[in-house]
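Peer 1: One structure, pasted below without further comment.
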Amino acid sequence: MTGRFMANCRICDGILHEFIDLGQQPLSDAFPAPGATEGEFFFRLAAGLCQECTMVQLMEEVPREKMFHQDYPYHSSGSSVMREHFEETARRFLKDALPGPDPFLVELGCNDGVMLGAVSAAGVRHLGVEPSGGVAEVARGKGVRVRTAFFEEETALAIAAEDGRADVVYAANTLCHIPYLDSIFRGLDALLKPDGIFVFEDPYLGEIVERTSFDQIYDEHFYFFTARSVRAMAARFGFELVDVERLPVHGGEVRYTLARRGRRTPAPAVAALLADEERAGLAEPATLDRFAADVARVRTDLVELLRTLRAQGRRVVAYGATAKSATVANYCGIGPELVEFVCDTTPAKQGRLTPGSHIPVRPARAFGDPYPDFALLFAWNHAEEIMAKEREFGEAGGRWILYVPEVRTV
Ligand code: SAH
Ligand code: TYD
Ligand code: ZN
């Protein structure tokens, strides 16, 4: 079985310029048990640029129920840096964005309650919408109110009827996971107060292209936003891009704020980012074709390094069984013959195999038992946090292998 083939833009039906094909790829968050790899789902992971609205998107759509379900293993609270990031986000909403006597905040994809936990603790009316039942249950354990559902028009209408309209709808690393944006925006229109805002943050195409972080491309990441493509998308659905803010998390993101058309004056940051994007040529096919060539070079360099180390009898393990690493491992053909195991703190991934590439996943403590010679940092977006935590590895002579923005050891 394969996903759905798309040759036209999922938003505006414009023709897509396909610029990269990363081959047959599995579900990035489906970790099979050893011996249970039969029947793994694969689809063609390729991305294209819409020649009309400039939205970069996957060429094939994976059915949402295959990705987001009871056993979805990603827990947002697994990183201390991300916990701080979302606590700060909650503080800012509580301080600046929730006016009136009884404000209401809705979060799409609240996951394990990493952000809403703080909103709940402040006693502010909120609701998380989260289709993955397991993580939703963890959020409830933190006092967060959660509706186990995919957000879409129907869900929004039900929420508006039961709870009233929202001041803020927020989505972190979630909007880019949702192909069906027409339904999402009809839902936002039904759910937001007239002056309500929609705030969302996702990996930024500008950063992906600049740093060749091609592993941001995987089944769950359907869209790769820019200020320009978001502005066009917002306009199509009756909204307006009124603010942007660059964020350092997850390898470089942008937080976008949308309001209903004409309700707010756009901040100067919007024009500034649009100008940066113009200079970087982010809407030009040639720029993305160049990115694809850079990606191929990273693959060549990484495979060569791993093969050389292996031939020298060095021990190489990987660190962080990220969704992103499914793309790297499957595109580069990295399996257990090149990397002994991957260590990861997520209990649901441990004892399993990485999707498609079948590298065993072990608990974090396996890393130092004993330390390998090299550690391939799949969770490169958490480099600072992980390298600080694993200082002893470096002190023992171990070296990290990085591949963003280029292949090197440190
Ligand atoms: N906001 C968290 C989680 C991101 S993972 C963070 O930034 O860390 C993406 C989440 O979106 C998953 O928990 C997934 O179950 C959820 N999701 C996917 N489709 C959704 C939809 N249509 N509505 C709401 N949540 C959705
Ligand atoms: P992350 O890079 O946040 O996202 P994605 O899966 O979307 O690519 O995933 C981080 C993974 O790395 C997650 O499985 C938890 C793991 N991890 C560790 O094992 N140790 C750590 O110290 C941190 C920060 C993450
Ligand atoms: Zn388009």
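Peer 1: When Phe19 is evaluated against the numbered criteria (1) part of a strand (DSSP E or B); (2) of a type outside the set (Ser, Thr, Tyr); (3) on the phi > 0 side of the Ramachandran plot, which criterion, by number, is the only one it fails?
Peer 2: Unmet condition: (3).
Peer 1: Ok, one more. Of the residues that make up the stretch 206-225, is at least one over 21 Å from Ser28 (Cβ atoms) and β-branched (Val, Ile, Thr)?
Peer 2: Among the residues of the stretch 206-225, not one is over 21 Å from Ser28 (Cβ atoms) and β-branched (Val, Ile, Thr), which makes the answer no.
Peer 1: Hey, among Ala47, Ala30, which residue is under 16 Å from the mean Cα position of the chain (by Cα), open to solvent by less than 20 Å² (accessible area, probe 1.4 Å) and more than 13 Å from ligand 1 (Cβ to nearest atom)?
Peer 2: Unique residue meeting the criteria: Ala47.
Peer 1: Checking Ala293 against (1) more than 16 Å from ligand 2 (Cβ to nearest atom); (2) touching a strand residue (DSSP E or B) at 6+ places or on another chain (Cβ under 8 Å), which single condition isn't satisfied?
Peer 2: (2)
Peer 1: Taking only the stretch 340-365 into account, find how many residues are under 22 Å from Arg391 (Cβ atoms) and surrounded by 23 or more Cβ atoms within 10 Å (Cβ to Cβ).
Peer 2: Matching residues across the stretch 340-365 total 3.
Peer 1: So, in the stretch 298-331, how many residues would count as being farther than 20 Å from Phe222 by Cα, touching a residue at least 60 places away in the same chain (Cβ under 8 Å) and open to solvent by 20 Å² or more (accessible area, probe 1.4 Å)?
Peer 2: Final tally of qualifying residues: 3.
Peer 1: Give the stretch 378-399 a look and list any residue that's touching a residue at least 40 places away in the same chain (Cβ under 8 Å), open to solvent by less than 40 Å² (accessible area, probe 1.4 Å) and not in a loop (DSSP other than H, G, I, E, B), or say none.
Peer 2: Trp380, Asn381, His382, Glu385, Ile386
Peer 1: Using the structure shown, decide if Val249 is within 23 Å of the chain's Cα centre (by Cα) and open to solvent by less than 10 Å² (accessible area, probe 1.4 Å).
Peer 2: In short, no.
Peer 1: So Met6 ticks every box in (1) within 16 Å of ligand 3 (Cβ to nearest atom); (2) modelled with pLDDT of 95 or more but one. Which box is left unticked?
Peer 2: The single condition Met6 does not satisfy is (2).
Peer 1: Could you list, in sequence order, all residues of the stretch 254-269 that are free of Cβ contacts under 8 Å to residues at least 60 places away in the same chain and buried (at least 20 other Cβ atoms within 10 Å of the Cβ)?
Peer 2: Val254, Tyr256
Peer 1: Oh, and also: Is at least one residue of the stretch 152-169 open to solvent by less than 10 Å² (accessible area, probe 1.4 Å), touching a helix residue (DSSP H, G or I) at 6+ places or on another chain (Cβ under 7 Å) and within 19 Å of Val114 (Cα to Cα)?
Peer 2: yes
Peer 1: Between a first residue in the stretch 97-117 that is of a type in the set (S, T, N, Q) and a second residue that is open to solvent by 10 Å² or more (accessible area, probe 1.4 Å), which pairs have beta carbons less than 6 Å apart while being 6 or more apart in sequence or on different chains?
Peer 2: The qualifying pairs are Asn111/Ser76.
Peer 1: So which residues in the stretch 98-116 are open to solvent by less than 80 Å² (accessible area, probe 1.4 Å) and over 15 Å from Ala171 (Cα atoms)?
Peer 2: Within the stretch 98-116, Leu98, Gly100, Pro103 meet the criteria.
The values are calculated or read from the model by the stated rules, or taken from the named source; none is laboratory data. What you see is a predicted model, and the numbers here were worked out from it, not measured in a lab. All Cβ positions, glycine included, derive from the backbone under ideal geometry; neighbour counts span all protein chains shown. These accessible areas exclude ligands, DNA and RNA; they are computed on the full protein's heavy atoms, side chains included. Shrake-Rupley method; radii C 1.70, N 1.55, O 1.52, S 1.80 Å.
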